[in-house]
Amino acid sequence: MKVNTISSKYNGHSGRILYAADAIAVPVAEQFELGYWESRDQVISLPPGRGSAAVIEVASGQALLKRYLRGGVIARLNKSLYAFTGYSRSRAFREFELLQTMHGLGLPVPEPLAAYCEVVGVIAYRQALLTRMIADTETLAERQQKQPVAEMVWKSIGQTIKLFHQHGICHADLNANNILLNNQNQVFLVDFDKSRQRIASEDWQKANLQRLRRSLKKLFPGDNFPATGWGILQTSYMESK
């Protein structure tokens, strides 16, 4: 994947854009704003959440525009600004580069298209990420809410997580909403904000799995917890080489 970097100027603010030159035309800063796509009637859908993501129609197909927005109490005062310590340290650039690495390894992740970092003043920045939309998918949580997930799918999820761990990929927020399943029951992992590639360790790998288990127990409490599926996932993970 050939990645280019260009400088940008938008609304009086300077910024930089990383983009995959072989996957997308040279982007401009305006294209990382939701309003740009709304004005062209190219917004396909707005996924649930706090308004940070939008499925849009670009020249090469559907893409996901993710704007990094703050949550919790701080969002009441500051919705989108982060402390600027350098472009390369921005969350959008780091997620883009990790996706680029994983995509190059053949891991089932969204293809990174572009990342944008805009400096506001001298100490703050806002950011956004554009990735290829994975077609015909639903989250593990959505699938389980409709009907019990098939045993073969739980097995595939365990094998997929193990594959990421073998490459040292630690997903910072591995949960049932960040695991996608398509119509052929293929498994994908998404949303790698604050994730990183690190030296393999049983400690963080176990913690990764336990984070997923906690999310399932929260979504499906008590007798609704898919205990059989979870057991299959664990066994599959342990047996994968």
I'd like the carbon and sulfur percentage of the solvent accessible area for the chain, probe radius 1.4 Å, heavy atoms only, ligands and nucleic acids excluded. 49
Classify region 129-187: rounded, prolate or oblate, from the alpha-carbon gyration tensor (a ≥ b ≥ c, eigenvalue square roots; a/c under 1.5 rounded; otherwise prolate if a/b is larger than b/c)? oblate
Can you give the FRET efficiency for Arg198 and Val122, using 1/(1 + (r/R0)^6), R0 = 30 Å, r = Cβ-Cβ distance, to the nearest 0.05? 0.40
Correct option for Kirkwood radius over Cα pairs in Å [calculated from the coordinates] among (i) 20.0; (ii) 19.0; (iii) 17.8: (ii)
In terms of the Cα gyration tensor, with a ≥ b ≥ c the square roots of its eigenvalues, is region 178-241 rounded because a/c is under 1.5, prolate because a/b exceeds b/c, or oblate? rounded
Under 5 Å between amide hydrogens, which residues at least 5 positions from Ala172 or on another chain qualify, with H placed 1.01 Å from N in the peptide plane? Ser195, Arg196
What shape does region 1-134 have by the C-alpha gyration tensor, where a ≥ b ≥ c are the square roots of the eigenvalues, rounded means a/c under 1.5, and otherwise prolate means a/b greater than b/c and oblate the rest? rounded
Can you tell me the accessible area per residue over the chain, all protein chains present, probe 1.4 angstrom, in square angstrom? 52
Heavy-atom accessible area order for Asp41, Asp22, Asp193, largest first, 1.4 Å probe: Asp41, Asp22, Asp193
Per-residue ³J(HN,Hα) for region 119-136, Karplus 6.51 cos²θ - 1.76 cosθ + 1.60, θ = phi - 60°, Hz, x for Gly and Pro: 7, 10, x, 10, 10, 10, 8, 10, 8, 7, 9, 10, 10, 5, 6, 8, 6, 6
Computed P(r) (all Cα pairs; region 119-241; 5 Å bins; percent): 2, 10, 19, 23, 18, 12, 7, 4, 2, 2, 0
For the chain: relative contact order, % (alpha-carbon pairs under 8 angstrom, 6 or more apart): 17
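The values are calculated or read from the model by the stated rules, or taken from the named source; none is laboratory data. This structure is a prediction, so every number in the text was calculated from the model and none was measured. Please note: Cβ atoms are built from the backbone with ideal geometry, for glycine as well, and neighbour counts cover all protein chains shown. Ligands, DNA and RNA are excluded from the accessible area calculation, which covers all protein heavy atoms including side chains. Shrake-Rupley method; radii C 1.70, N 1.55, O 1.52, S 1.80 Å.
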